[in-house]
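Computed from the coordinates by the stated procedures, all read-outs in this text should not be read as laboratory data. Quantities reported herein were computed from a predicted structural model and do not represent experimental measurements. Note that each Cβ is placed from the backbone with ideal geometry, even for glycine, and that neighbours are counted across all protein chains shown.
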Amino acid sequence: MESKDYMRRAIALAQQAGGFAAPNPLVGAVIVKDGRIIGEGYHRKCGELHAERNAFASLSESAEGADLYVTLEPCCHHGRTPPCTEAILEHQIGRVFIGSRDPNPLVSGKGAALLRQHGVEVTEDFLREECDRLNPVFFHYITTGLPYVVMKYAMTLDGKIAAYTGASQWITGTEARQHVHGLRGFYSAVLAGIGTVLSDDPLLNCRQEGAHQPLRVIADSHLRIPLQSRLCRTAKDYPTLIACTEAEPQKVSALKECGIDVAVLPSSESKVNLKALMKLLGERQIASVLIEGGGELNEAALRSGIVNHLYAYLAPKLLGGRDAKSPVEGQGADHPDHAVALSHRTVTILGDDILLEYDIKGGLGDVYGNH
C-alpha cells in the first residue's frame, strides 16, 4: 500500500460514524509501521474516544517510530476527552500525516505545532481535499455556531412533488427512498412544516437498523399539529421539537405529555422565524438539519438564507397539472437574474432515479428580489 492508501483507509473509517459523532467531526486514524497497519480507529460517538486514541487502543505492537495518518488535525486541548497530541507523544510516533486543518480556534494549527515542538515530523494537507469532504457539517457549525442546513426533495422530470390531488407516494423508487433514510441517519435533525404533517402524517425517523435517529423538528406557528398524529404518538420513542410563534397553554401541556418539546420563537411574516430556529438548534448542539418540507417551507428557508446544500431526486415520470405542487413555491424570484444560484457537486444514479447534489452559492441575502 502507498501513503495515499493509508489516508483513504482513514477516510473510510471516519465515514462509519454516520450521524453519531455530531456535533464533533468525522475523523479516522491509521497507524503504519514497516509498511504494515498495526492500529486503526475512528471517532465513534460524541463524548467517546477520538480516532487517534481508538487507533492506539487497537495496536498489535509498539507504535514507537511509526507513522500516523489522521484525517483531521489532532486536538491539543482538554475537552470531553484528553488531548490526542498527548497520546501521540506517549506512543512515540515518528511521523504524522494530517488531512484537514481544524478550524476550531482551540485546535487550529496548535496541534501540529505542538507535535513539531516535540520532534515529530508533521506533514499537513495530505489528501486535504478528500479529507475536507468528510466534514462540511463540522466546519460550518464550529465556525458559525449554526447548523449546516440541507434541503431535500423528490420530483418528477416536469418539476412536480405531488399530483394535483396531493398524492405524492411514491415519486421515487426504493433505492432513492433508502438513500433518504441514510440522510436522516446522518444529519442531526429533520425539519418539516405543519403542512407536510397535516397532509402526509409522516414519521420522519430513520428506518435503517442501528442508525442514529434525528431530532424531529416541526415548524408549526399556531400549534395545529393533531395529538393523534404519528409524530405525537411516537414522540417518546423519537425526540421531537415543535417550534411555534404562539402557544396555547392547554395544547402545550398536552404535547409535553406526549413527550414533545415546544419552543416559542419570533415570527417572520406570521410564520416561525427560521433564522431564530437555527440559532436555537445551534445552541442545543444540533450541528446539521435536513429539511424535508413542502414548497412553502423550502421557499421560506431559501429566502431566509439558511440553506447550505441541496439534494434533488429526479424520477423518470411526468405528472403535469397546473395546480400540482412544485419543490419551491411561495412568492419566488422576481427575475431569473435573482434566482438562488447553485454550484454543481455530484450526480448519483439510484435505480431509475437520479440524485443531483449542489452547494448553495453566496449572496443568499440578495435572492428573490431583495436587491
| Based on the Cα gyration tensor of segment 1-102, what are the three equivalent ellipsoid semi-axes, each the root of five times an eigenvalue, rounded to whole Å and given largest first? | 20, 15, 11
| What are the radius of gyration and Dmax of segment 233-371, computed over its Cα atoms and given in Å? | 17.7, 49
| said: For segment 175-284, what does the relative contact order come out to in percent, with C-alpha contacts under 8 Å and a separation of six or more? | reply: 21
| Compactness relative to 2.2 N^0.38 Å, alpha carbon Rg of segment 280-328 | 1.46
| field | Check: the chain dipole with +1 on Lys, Arg Cβ and -1 on Asp, Glu Cβ, in debye | value | 640
| note | Excluding residues fewer than 8 positions from residue 325 in its own chain, the aspartates and glutamates with Cα under 18 Å of it are 158, 200, 201, 292, 296, 299
| note | If one builds a Gaussian network model of the chain from Cα atoms under 10 Å apart, the most fluctuating residue listed among 153, 313, 164 is 164
| Pairs 110/152; 4/110; 275/317: which are spaced more than 26 Å apart, C-alpha to C-alpha? | 110/152; 275/317
| note | Within the set 216, 284, 53, GNM on the chain using Cα springs under 10 Å gives the largest fluctuation to 284
| What shape does segment 117-158 have by the C-alpha gyration tensor, where a ≥ b ≥ c are the square roots of the eigenvalues, rounded means a/c under 1.5, and otherwise prolate means a/b greater than b/c and oblate the rest? | oblate
| task | Enter the mean projected area of the convex hull around the alpha-carbon atoms of segment 145-292, in nm², rounded to one decimal. | result | 9.4
| task | Would you compute, from DSSP H runs of 4+ residues alone, the mean residue ellipticity of the chain at 222 nm, taking -39500 (n - 2.57) per run and dividing by the full residue count, rounded to the nearest 500? | result | -7500 deg cm²/dmol
| remark: residue 124 and residue 222 label points (each 7 Å along its Cα→Cβ direction) are spaced in nm at 5.5
| query | Out of every Cα pair in segment 212-269, what percent are spaced more than 19 Å from each other? | reply | 21
